[in-house]
Amino acid sequence: MLDVALILFFPFFMAFAGASDLVSMTISNKVSLGLMVGFMIFAVAIGMPASAIAWHWALFAVVLVVGFGLFAFGAVGGGDAKLAAATALWMGWEHSLSYLLTAAFLGGILTLLILKMRSMPLPEAISGVDWIARLYRADEGIPYGIALAIAALMVYPQTPWMQHVFSSVNPFG
């Protein structure tokens with residue numbers, strides 16, 4: 001049962017965050033809080049040592065501070081900063097660089113695609129769909145949560161969480 005929860009919990013929150021950012025340009029604080037609480041529940045359930053838990057939280061703090069710095073300069077949204085930190089909490093030091101680089105790459109592609117889309121006229125058939133029309137607006141940002149979510153889903157299978165699922169050995173201890 002724990003293995004099924006590990007397979008579903010994190011990916012569900014990532015998919016929800018990406019979809020939410022796409023259609024509303026917001027990522028609820030509940031998503032980040034859910035990931036934080038879930039991290040603690042799963043960390044205890046699989047027997048992650050307290051020192052490893054502390055290092056994961058230290059990484060969370062670093063990513064959150066950097067994210068808020070980027071938010072202060074208007075480079076990312078507040079929800080993106082919180083989601084990146086909550087995701088790094090799950091990725092740990094071993095996988096966060098891969099996650100953040102993948103997210104940056106995917107975010108660049110996403111930005112280019114949306115800018116290209118914005119250079120074309122909005123098709124009449126979909127002009128009444130609010131969230132699509134919002135994506136076409138030049139004064140709107142880029143729903144970067146999509147890139148953060150896809151990157152997390154790409155890196156997650158490589159993490160110790162999935163090692164736990166695929167083996168009976170505790171990868172943290």
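Where a number appears in this text, it was derived from the coordinates with a stated rule and is not lab data. As the structure is a computational prediction, the values presented were derived from the model and not from experiment. Cβ: placed from backbone, ideal geometry, glycine included. Neighbour counts: every protein chain shown.
For the chain, the percent of C-alpha pairs falling in each 10 Å distance bin, counted from 0 to the bin holding the largest distance, reads 10, 37, 31, 15, 6, 1. Placing pseudo-labels 7 Å out from each Cα toward the beta carbon at THR111 and VAL44 gives an inter-label distance of 4.1 nm. Multiplying the residue separation of ALA61 and ARG118 by 0.36 nm and removing their Cα-Cα distance gives an extension gain of 17.0 nm. A Förster distance of 22 Å, applied to the separation of the beta-carbon atoms of ILE7 and ASN29, puts the FRET efficiency at 0.30.
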